[in-house]
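Working notes for the structure below.
The values are calculated or read from the model by the stated rules, or taken from the named source; none is laboratory data. These figures come from a predicted structure and were not determined experimentally. Methodologically, a virtual Cβ is constructed for each residue, glycine included, from the backbone with ideal geometry; neighbour enumeration extends over all protein chains shown. Just so you know, the surface numbers come from the protein's heavy atoms only, side chains and all, with ligands and any DNA or RNA stripped out. Shrake-Rupley method; radii C 1.70, N 1.55, O 1.52, S 1.80 Å.
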Amino acid sequence: MATPTERPAHPSFWEAFRYWLILGFISFGGPAGQISIMHQELVEKRRWIGERRFLHALNYCMVLPGPEAQQLAIYIGWMLHRTWGGIVAGTLFVLPSLFILATLTYVYLTFGNLTFVQGIFNGIKPAVVAIVVFAAWRIGSRALKNKLLWAMAAASFVAIFALKIPFPYIVLTAGILGFIGGKVWPDKFKVGGGHGASNKTYGPALIDDDTPSPAHTKFRPTYLALLLVAALAIWGAAMLLLPAGTLHDMGEFFTKAALVTFGGAYAVLPYIYQGGVEHYQWLTGTQMIDGLALGETTPGPLIMVVSFVGFVGAWTKEIFGPGSLFLAGFIGASVATFFTFLPSFLFILAGAPLVEATHGNLKFTAPLTGITAAVVGVVLNLAVFFGWHVIWPRATEAAPFSGGFECFYALIFVVAFIALRKYKMDIMKVIGACAAIGLVYAYIA
């Protein structure tokens, strides 16, 4: 490890490979936690990338559809070791989670009716709602530095909650307003991407503000053309290999989810709920919330809940017959994961060379600031969506407050939020405590 006054040596490909593999197993805590882990290790300790370069890459990832933490890993892996570095970083970020989540989903489907399992999940669900609310507060408190941005967040919430406007239209409008605002009120939009600019320094970094961009990060039309052809070929071949029916539907649906949904995992979940629960009926609304609970307690991006949806959908439809349920589930989970994450590699590897040329340019960062404000409103909408299902589990849209109020689980939500917000407790500890409380309550209620 270099001293704080020395620039670190360039890591070898295998040194970076080991880091990305370890990260895949320890990346708990959702997007905020995963980004924090990468920042601590890559910016503060190893100093492979500087603070501002890290934030600049993150700003771009936040505006894209898909998981920003995984996309950030692809971006940094690409900066360090070209295209293969990005592919390895992004793949290892999600691969451990796929196997872990598939195993846990099998346990859930096989033993989910047991009081023991139900109690644990009933305790975790209100904790998940608290985590989503805390995510909205965390992003908002760091990104919304003035009344104008708070107003944009409030307008975003009203637009999606009351007016039912699709999020892609909301994010497009927010980006346009951010672009205009950057010209009219530059001081209001000077912080981009939602994680703030920072003046902190941890010593000279390998890739820093004062270092020239690596040669391979320069934009090359030939590279872009080859990348687009390769991505389309991979996607097309995968779709041709899928048999008609459930798996083919999953390939199409999760491709659309990856391309048309913005704002990270919390914003994409309502879209997945609408398709997986209401349209294709791969799983129930209650199972969807249980899948989110599993996603919160396993490493990897929260959007890995798509693996749960794919597993349950293929299991429920018995695509290989009643005697091969686990195989069906694992194939379904793999298909959902593949088609959800494939576009992320294309977005980063194709767009990052252009983004590197915009470093420090307000024209680029101001729209991201507006979009981040919109994301805060959408995340809050998701918290209301899940909170309603947890606290009024038997209610319907026609009668939203019918079926009885679950006072105990509302109390768990409040306590979990206070633990996260006031006492800054670790997310995994909060989930573990709520699971234990739910388990005890299941046996004494």
Single match in 366, 333, 395 (criterion: buried (at least 16 other Cβ atoms within 10 Å of the Cβ), of a type in the set (A, V, I, L, M, F, W, C), touching a Phe, Trp or Tyr at 6+ places or on another chain (Cβ under 7 Å) and not in a helix (DSSP H, G or I)): 395
Taking residue 394 as the residue in question, decide whether it is over 23 Å from residue 70 (Cβ atoms), basic (Lys, Arg) and within 24 Å of the chain's Cα centre (by Cα). no
Please specify each residue of the stretch 1-44 satisfying the condition of being modelled with pLDDT of 80 or more, within 26 Å of the chain's Cα centre (by Cα) and hydroxyl-bearing (Ser, Thr, Tyr). 19
Output the residues belonging to the stretch 410-445 that are under 10 Å from residue 127 (Cβ atoms) and in contact with a Pro (Cβ under 8 Å, 6 or more places away or on another chain). 412, 413, 416, 434
Taking the stretch 148-168, which residues are in a helix (DSSP H, G or I) and either modelled with pLDDT under 90 or under 26 Å from residue 35 (Cα atoms) (or both)? 149, 150, 152, 153, 154, 156, 157, 160, 161, 167, 168
Can you pull out the residues in the stretch 409-427 that are hydroxyl-bearing (Ser, Thr, Tyr) and assigned to a helix (DSSP H, G or I)? 409
So which residues in the stretch 56-71 are at pLDDT below 85 and crowded, with 21+ Cβ neighbours inside 10 Å? 56, 57, 58, 59, 60, 61, 62, 63, 65, 66, 67, 68
Flagged in the stretch 44-55 as outside any helix (DSSP H, G or I) and open to solvent by 20 Å² or more (accessible area, probe 1.4 Å), in numbering order, are 46
Does at least one position in the stretch 242-253 carry a residue that is at pLDDT 80 or above, buried (at least 17 other Cβ atoms within 10 Å of the Cβ) and out of contact with any helix residue (DSSP H, G or I) (no Cβ under 8 Å at 6 or more places or on another chain)? yes
Here the residues within the stretch 161-186 that are open to solvent by 30 Å² or more (accessible area, probe 1.4 Å), among the hydrophobic types (A, V, I, L, M, F, W, C) and closer than 28 Å to residue 291 by Cβ are 161, 162, 163, 165
Which residue is modelled with the highest pLDDT, if the candidates are limited to the stretch 113-126 and must be open to solvent by 30 Å² or more (accessible area, probe 1.4 Å) and more than 17 Å from residue 389 (Cβ to Cβ)? 120
State all residues of the stretch 304-324 that are in contact (Cβ under 8 Å) with a residue 60 or more places away in the chain and open to solvent by 10 Å² or more (accessible area, probe 1.4 Å); if no residue qualifies, say none. 315, 317, 319
Evaluate the following for residue 83: is it closer than 30 Å to residue 346 by Cα and either under 16 Å from the mean Cα position of the chain (by Cα) or open to solvent by 10 Å² or more (accessible area, probe 1.4 Å) (or both)? yes
Selection count where residues are in contact with a Pro (Cβ under 8 Å, 6 or more places away or on another chain) and either closer than 30 Å to residue 339 by Cβ or open to solvent by less than 90 Å² (accessible area, probe 1.4 Å) (or both), scope the stretch 205-222: 6
Output for the stretch 273-324, where each listed residue is farther than 25 Å from residue 392 by Cβ, in contact with a Leu (Cβ under 7 Å, 6 or more places away or on another chain) and at pLDDT below 90: 298, 304
Cβ pairs under 8 Å, 6+ apart, first in the stretch 235-260 and over 15 Å from residue 345 (Cα atoms), second basic (Lys, Arg): 245/317; 246/317
Against the condition of a type outside the set (A, V, I, L, M) and open to solvent by 10 Å² or more (accessible area, probe 1.4 Å), how does residue 296 come out, does it pass? no
Per the filter on the stretch 86-112, residues open to solvent by 10 Å² or more (accessible area, probe 1.4 Å) and among the small types (Gly, Ala, Ser) are 112
The listed residue being open to solvent by 20 Å² or more (accessible area, probe 1.4 Å), modelled with pLDDT under 85, of a type in the set (A, V, I, L, M, F, W, C) and within 19 Å of the chain's Cα centre (by Cα), out of 133, 191, 129: 133
